[in-house]
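A short write-up of the structure that comes next.
Bear in mind that the values in this text are calculations on the coordinates, not laboratory data. Since the model is a prediction, treat every value here as computed from it, not as a measurement. We place every Cβ from the backbone using ideal geometry, glycine too, and count neighbours over all the protein chains shown.
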Amino acid sequence: MNIQKIIIRVAILTVCSFLVSYITISLDGDKKSLEVFPFSLAEKYTKSNEFENTDVSVNKKIESTEIKKIQIESVRTDIAIEFGNTDTLSVNLVGYFPQEDKKNLLSVDVTGKEIIIKINEEDNSGFHFFNFINFSSNSQSGKLMVTIPLQVQNLNLSTVSGDINIKGKNYLNLIAKTVSGDLNSVDLKTKEFNFSTVSGDLNLTGAVENLGFKSVSGDLDFKSELNKINLVSKTTSGDTKISFNKLPDLSMHFSSVSGETVIDKKYVTQKPNTKLISESDDDSDDTDNIYKLGTGEGELNVKSVSGDLIIKDF
């Protein structure tokens with residue numbers, strides 16, 4: 001083997017090792033832990049030490065009693081929502097965004113009674129295969145904090161990989177969509193909430209009357225402050241876990257190929273009319289069971305290929 005071939009092979013192995021290390025570090029850096037906010041989101045996100053390299057800090061406010069719907073869109077930026085008690089919309093974007101056009105990074109457009117808030121993020125992921133090699137040591141890291149006016153009736157949230165965090169009570173209709181981002185919420189009170197995702201998790205605590213959850217591999221963990229709820233959950237492999245701080249009154253329909261049903265013994269012993277109404281035939285490949293807990297006034301429909309249904313106490 002001549003010296004040229006040896007040099008070429010060593011160079012290829014070195015580049016491949018570097019690529020593997022870089023991708024591993026990048027993926028590990030994207031993992032986010034569950035955040036719970038027992039304090040003001042505005043206070044958390046405006047701290048100077050929140051981001052190491054802050055180069056963007058934008059604040060916008062709009063006062064209007066006519067705002068009824070708000071739509072918020074991002075790609076990788078996290079979204080934090082809290083509910084105000086005035087007619088003022090407050091938008092605060094802070095973080096590090098490695099792109100040249102920072103002037104138009106945040107747009108807030110008003111159309112009639114609707115406001116669209118959008119973060120115009122460029123593709124600065126730091127790795128460009130077809131442009132040979134381009135590594136960036138400073139990846140994007142930012143958060144958008146929005147205080148929702150009291151009179152808003154509809155809130156739509158959309159992000160690809162950013163996490164969504166919601167704190168507070170507001171009796172509105174909420175729709176959220178992500179690809180891999182999680183949605184975490186504490187002390188939430190809404191009439192209707194629909195969340196769809198591919199691999200993101202929904203971690204929710206509060207009083208939600210009507211909840212819709214749709215995912216491929218994402219899990220639902222819902223701690224309900226109501227004992228009568230209407231919930232529809234559809235997953236491929238994600239689990240549906242619901243906890244109650246009161247004895248629930250539910251009619252439950254669970255359909256799955258290989259998923260299991262786990263019901264807290266407390267509900268069975270303290271609710272004498274808790275029972276299995278019907279179950280699948282032994283020859284069936286699917287599990288298709290209907291349960292009744294208490295009076296059965298609420299309705300729970302869960303469908304999954306391999307995910308479990310878990311009903312537990314707080």
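Taking amide H as placed 1.01 Å from N in the peptide plane, the amide H of Tyr291 sits under 5 Å from that of Met252, His253, Phe254, Ile277, each at least 5 places away or on another chain. Residue ranges 86-99, 199-212 sort as 199-212, 86-99 when ordered by packing (mean number of other C-beta atoms within 10 Å per residue, highest first).
Taking the Cβ of Phe83 as the center, what net charge do the other residues with Cβ under 11 Å away carry, scoring Lys and Arg +1 and Asp and Glu -1? Please list the in-between numbers first.
Values: positive: Lys167, Lys169, Lys189; negative: Glu82, Asp187.
My count for the surroundings of Phe83 gives +1.
Once you list every other residue whose beta carbon is under 11 Å from the beta carbon of Lys246, what net charge do they have if Lys and Arg are +1 and Asp and Glu are -1?
Details: positive: Lys228; negative: Glu225, Asp249, Asp313.
My count for the surroundings of Lys246 gives -2.
What separates the Cα centres of segment 163-214 and segment 64-95 is a distance of 15 Å.
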